[in-house]
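**Q** Sharing a structure with you now.
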Amino acid sequence: MLTNLASLGRLILATLRDLAPIILVVGFFEVVVLQQTPENLGEILAGLGLVMLGLAMFVQGLEMGLFPLGEAMAGAFARKGSLGWLLAFAFALGFGTTVAEPALIAVADEAAEAAAEAGLLAAGEPAMEGYALGLRLTVAVSVGVALMLGVVRIVKGWPIQYFIIAGYILVVALTPFAPDEIVGVAYDSGGVTTSTVTVPLVAALGVGLASVIRGRNPLIDGFGLIAFASLTPIIFVLVYGMTV
């Protein structure tokens, strides 16, 4: 218990160090350039304290729970020797973490609202909710497929750069044929999938899998799954826009 508290204290100090450049930049422009002091300075300082505590607890939770869990499950499936179950786990992990990603939910709702205002959707909440849900499910499926492809790459030992180059060539090829209204959403969807919920488990899956497969280097082969998770949503959403 004391060890965990000490670790949390170090994380809080590390978070303060990481946030220091942001605090200094905002403080400089407020005091030196704008020459003013925020009226709610006390609330801002209290909010910064909560941010530091929240980030520290989040990182501590990742180190104690999600990272070990992801690595342990990936290793167990690899030792089981069943590629089918490993691929099923990868897809379910990618789909489940992405569909629950807060950033994706926010972007999908914002995209639905913008589409309705532009007259691209029928008026009413059902149409907007259906559009947002379809977008979320499309992105979630794309991340599941991405993790399956990434797992196969790790198992086979294929170089990642060829997949990434081919993927972005496909993105460039699809972009001119996709509706203009969906292109920006598609490109943004690749970023929102790699956020607080998805990244820790995806990274742990890759590192854990590479750690138990003979001849694989966790640093070289274990990372790269997040790159797949960022790339495939762009392709899937472009196709979603072209078909729907």
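**Q** Rounded to the nearest angstrom and ordered from largest down, what semi-axes does the equivalent ellipsoid of region 114-228 get from its C-alpha gyration tensor (root of 5λ)?
**A** 34, 16, 9
**Q** Which value, in debye to the nearest 20, describes the size of the charge dipole of the chain about its Cα centre when Lys and Arg Cβ atoms bear +1, Asp and Glu Cβ atoms bear -1, and nothing else is charged? Write down the numbers at each step before the final one.
**A** Values: 9 positive and 17 negative charges, 324 e Å.
The calculation lands at about 1560 debye.
**Q** Pick out which of Pro102, Pro159, Pro233 has the largest mean-square fluctuation in a Gaussian network model of the chain, springs linking Cα atoms closer than 10 Å.
**A** For the chain, modelled as a Gaussian network with Cα springs under 10 Å, the answer is Pro159.
**Q** Counting only other residues whose beta carbon sits under 13 Å from that of Met242, what net charge do I get with K and R as +1, D and E as -1? Show your work: numbers first, answer last.
**A** Numbers: positive: none; negative: Asp180, Glu181.
Once all neighbours under 13 Å are counted, the net charge is -2.
**Q** So what is the 222 nm mean residue ellipticity for the chain from helices alone, if each DSSP H run of at least 4 adds -39500 (n - 2.57) and you divide by all residues, rounding to the nearest 500 deg cm²/dmol?
**A** Working: 10 runs with 189 residues, N = 244.
When only DSSP H runs of four or more count, the value is -26500 deg cm²/dmol.
**Q** Rounded to a whole number, what % of the accessible area of the chain do carbon and sulfur atoms account for, probe 1.4 Å?
**A** Working: 9470 of 13400 Å².
Using a 1.4 Å probe with all protein chains present, the chain comes out at 71 percent carbon and sulfur.
**Q** What is the gain in length, in nm to one decimal, between Trp85 and Asp180 on full extension, counting 0.36 nm per residue of separation less the C-alpha to C-alpha distance?
**A** The span from Trp85 to Asp180 would gain 30.3 nm if fully extended.
**Q** For the chain, modelled as a GNM with alpha-carbon contacts under 10 angstrom, which of Ala203, Ala122, Ala74 fluctuates the most?
**A** Highest fluctuation of the listed residues: Ala122.
**Q** If you don't mind, another one. Pull out the extension gain between Ala106 and Val152, defined as 0.36 nm times the separation in residues minus the alpha carbon to alpha carbon distance; nm, one decimal. Write down the numbers at each step before the final one.
**A** Working: separation 46, 0.36 × 46 = 16.56 nm, distance 3.14 nm.
So the chain would gain 13.4 nm between Ala106 and Val152.
**Q** Something else about it: Going by a ≥ b ≥ c, the root eigenvalues of the Cα gyration tensor, does the chain fall in the rounded group (a/c under 1.5), the prolate group (a/b larger than b/c) or the oblate group?
**A** On the way: a/c = 2.02, a/b = 1.10, b/c = 1.84.
Cα axes put the chain in the oblate bin.
**Q** Work out which helices of the chain, taken as complete DSSP H runs, extend at least 18 Å along their axis over the Cα atoms and score a mean Kyte-Doolittle of 0.5 or more, then list them. Could the numbers behind the result be given before it?
**A** Details: long enough: 2-28 (38 Å, 1.48); 41-61 (30 Å, 1.76); 67-80 (20 Å, 0.30); 83-99 (24 Å, 1.75); 102-117 (23 Å, 0.71); 125-156 (46 Å, 1.19); 160-174 (21 Å, 2.26); 180-192 (19 Å, 0.39); 198-212 (22 Å, 1.98); 225-243 (27 Å, 2.05).
The answer, listed by residue number, is 2-28, 41-61, 83-99, 102-117, 125-156, 160-174, 198-212, 225-243.
**Q** What does the extension gain come out to for Tyr187 and Leu120, with contour length at 0.36 nm per residue minus their alpha carbon separation? Walk me through the intermediate numbers first.
**A** On the way: separation 67, 0.36 × 67 = 24.12 nm, distance 1.91 nm.
That pair, Tyr187 and Leu120, stretches by 22.2 nm at full extension.
**Q** For the chain, set up a GNM with springs between Cα atoms under 10 Å and report which of Ala140, Ala204, Ala115 has the largest fluctuation.
**A** Fluctuation is largest for Ala115.
**Q** Express the accessible area of region 97-236 per residue in Å², computed with a 1.4 Å probe while the remaining protein chains stay in the model.
**A** Working: 6380 Å² over 140 residues.
Normalised by residue count, the accessible surface of region 97-236 is 46 Å².
The values are calculated or read from the model by the stated rules, or taken from the named source; none is laboratory data. Please read all numbers here as calculations on a predicted model, not as lab measurements. Note: ideal-geometry Cβ built from the backbone for every residue, glycine included; neighbour counts use all protein chains shown. Surface areas here come from the heavy atoms of the whole protein model, side chains and all, with no ligands, DNA or RNA. Shrake-Rupley method; radii C 1.70, N 1.55, O 1.52, S 1.80 Å.
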